[in-house]
Amino acid sequence: MSCNTTPFDYRPMTRVVYGPNAIERIGSLTAELRAGKVLVVTDPGIVKAGHLDRVRESLEASTLEVFVFQDVVENPTTKEVYECAEFAREK
């Protein structure tokens with residue numbers, strides 16, 4: 001499996017949102033970026049804890065189309081990264 005990408009240099013400005021129920025703001029914060037589709041990449045533990053449901057509810061309340069890749073394993077290999085990238089391309 002190959003990953004055809006164009007080299008780039010990315011220097012993000014990080015924004016940290018902290019506080020009680022901050023997770024419930026993720027939809028409105030993401031909508032500020034003018035996103036239409038959102039890919040949430042997570043692991044089964046986060047899903048089991050119920051955090052994915054809260055994130056999805058917030059995103060969908062902001063009319064964002066949500067896709068979830070929840071098969072992340074600890075210390076993922078290149079194979080798992082490619083699987084996630086392929087999942088994203090299909091969406």
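So in segment 11-35, with the set limited to residues that are part of a loop (DSSP other than H, G, I, E, B) and among the hydrophobic types (A, V, I, L, M, F, W, C), which one is surrounded by the most Cβ atoms within 10 Å (Cβ to Cβ)?
Among them, the one singled out is Ala35.
The one condition from (1) surrounded by 12 or more Cβ atoms within 10 Å (Cβ to Cβ); (2) closer than 20 Å to Val81 by Cβ that Phe8 does not meet is (1).
Does Asp43 count as surrounded by 13 or more Cβ atoms within 10 Å (Cβ to Cβ) and within 15 Å of the chain's Cα centre (by Cα)? The answer is yes for Asp43.
When Lys79, Lys37 are checked against the criterion of being at pLDDT below 95 and of a type in the set (D, E, K, R), a single residue qualifies: Lys79. For the condition within 13 Å of Ile23 (Cα to Cα) and free of Cβ contacts under 8 Å to residues at least 60 places away in the same chain, Val47 does not qualify.
Selection of segment 52-91 for residues being exposed (fewer than 14 other Cβ atoms within 10 Å of the Cβ), closer than 23 Å to Pro20 by Cβ and not aliphatic (A, V, I, L, M) yields Asp53, Glu60.
Taken as a whole, the structure places Val38 among residues that are in a strand (DSSP E or B), touching a strand residue (DSSP E or B) at 6+ places or on another chain (Cβ under 9 Å), touching a residue at least 12 places away in the same chain (Cβ under 8 Å) and closer than 25 Å to Asn4 by Cβ.
The values are calculated or read from the model by the stated rules, or taken from the named source; none is laboratory data. The model shown is predicted, which means the values in this text are computed figures rather than measured ones. Neighbour counts run over all protein chains shown; Cβ positions are idealised from the backbone, glycine included.
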